[in-house]
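Rule-based calculations on the coordinates, nothing more; no lab input. What you see is a predicted model; the values in this text were computed from it and never measured. Glycine gets a Cβ as well: all are built from the backbone with ideal geometry, and neighbour counts include every protein chain shown.
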Amino acid sequence: MRFTKMHGLGNDFMVVDAISQPFRLRPEMIRELADRNFGIGFDQLLVVEPPGLPDVDFRYRIFNSDGSEVEQCGNGARCFARFVRDQRLTNKRVIRVQTAKGVIELRVGRDGLVMVNMGVPELNPPAIPFAADRRKDVYTVEVDGQTIELSAVSMGNPHGVLVVDDVDRAPVASLGPKLENHPRFPARANIGFLQIIDRTHARLRVFERGSGETLACGSGACAAVVAGCLRGLLDSRVEVELRGGKLIIEWQGEGSPVMMEGPAASVFEGQIRLPGDSSGRRRKGSRPAKPTS
Ligand SMILES: N[C@@H](CCC[C@H](N)C(=O)O)C(=O)O
């Protein structure tokens, strides 16, 4: 199986063209491939498929490094756009792609930056999903006897956003997994720690559902700007600084889509032999899915 290793601000991906080659991976295989010591290593696997709807160019599927399939990935969307053009699967600059949550539109600029229309954020608790009796801009959640304030937003995928004084000192590693798996988020959630610098600048770290802390999370940056706007802390256009670099996020308010602009990079191309691959020379019982180039 041929693949491309890509990243969007250090949030890294294995990207597979499943249009010109067969693709079938079980969750345990994805976990092995995602392993940074024994596999290729990535935060998410992106699989490019033919579209299943009219007026759409492609379908793409997203899998976290724990093997779970998810609905949305902002950095992945930008890498997907670059991938389909680099692989000559399309020469369009405006690409419509179907994800597990709906259709999104991407625009590849001449400067190489990709602008993604990430859709209208969902704030209705059951649709996020988040357990609450009514919609609020800030909820309180109990964790180990501590009361945490957070906003809950779906960008197609669920996010909890906490406002902190300093992202460098935020309890991302300790609180992140507890909130990711909190019973109020029945489908788990990505947890963002947002520091407001001023009304147009913010810093963000995200503990991602199914992948742990990543260097950047595009949908997390969108959710954080939505949360910051709803709380009256941010303007409609914000530069969000993540550990891996910066994104520009724009949101004109309720009912409008969130626009995200940022880079996408290819790192290398490779090929792996999978178990059951007839060209494989793997010994029975040896570890599967090793890179061959
Ligand atoms: N890194 C992504 C988000 C990937 C999916 C996420 N971990 C989830 O489970 O929803 C991004 O850039 O948005």
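By other beta-carbon atoms within 10 Å, ranking V94, V153 with the fewest at the front produces V94, V153. One chain, two ends: R169 and I197. Fully extended at 0.36 nm per residue, the span grows by 8.6 nm beyond their Cα-Cα distance. Residue exposure proxy: T140, T4, T214, T90, ordered by other Cβ atoms within 10 angstrom of their Cβ from fewest to most, comes out as T140, T90, T4, T214. Over 22 Å, how big is the tail of the calculated P(r) for region 52-164, in percent of all Cα pairs? That tail contains 45 percent of the Cα-Cα pairs. Ranked for footprinting exposure by Cβ neighbours inside 10 Å, fewest first, S154, S266 give S266, S154. For region 92-151 versus region 162-206, the inter-centroid distance based on Cα atoms is 14 Å. In a fully extended conformation the segment linking E254 and Q271 would gain 1.7 nm over its present Cα-Cα distance, using 0.36 nm per residue. Per-peptide packing, taken as the mean over residues of other Cβ atoms within 10 Å, places 20-28, 55-63, 222-230 in the sequence 222-230, 55-63, 20-28 from highest down. Each Lys and Arg adds +1 at its Cβ and each Asp and Glu adds -1 at its Cβ; summed about the Cα centre, the chain shows a dipole of about 1280 debye. So, R0 is 41 Å and r is the distance between the beta-carbons of K178 and N91; what FRET efficiency does that work out to, to 0.05? My answer for the efficiency is 0.30. Where both partners of a DSSP beta bridge lie in the chain, what percent of those bridges are antiparallel, to the nearest 5? Here the share of antiparallel DSSP bridges comes out near 80 percent. Over all pairs of different C-alpha atoms, the chain has a mean inverse distance whose reciprocal, the Kirkwood radius, equals 19.4 Å.
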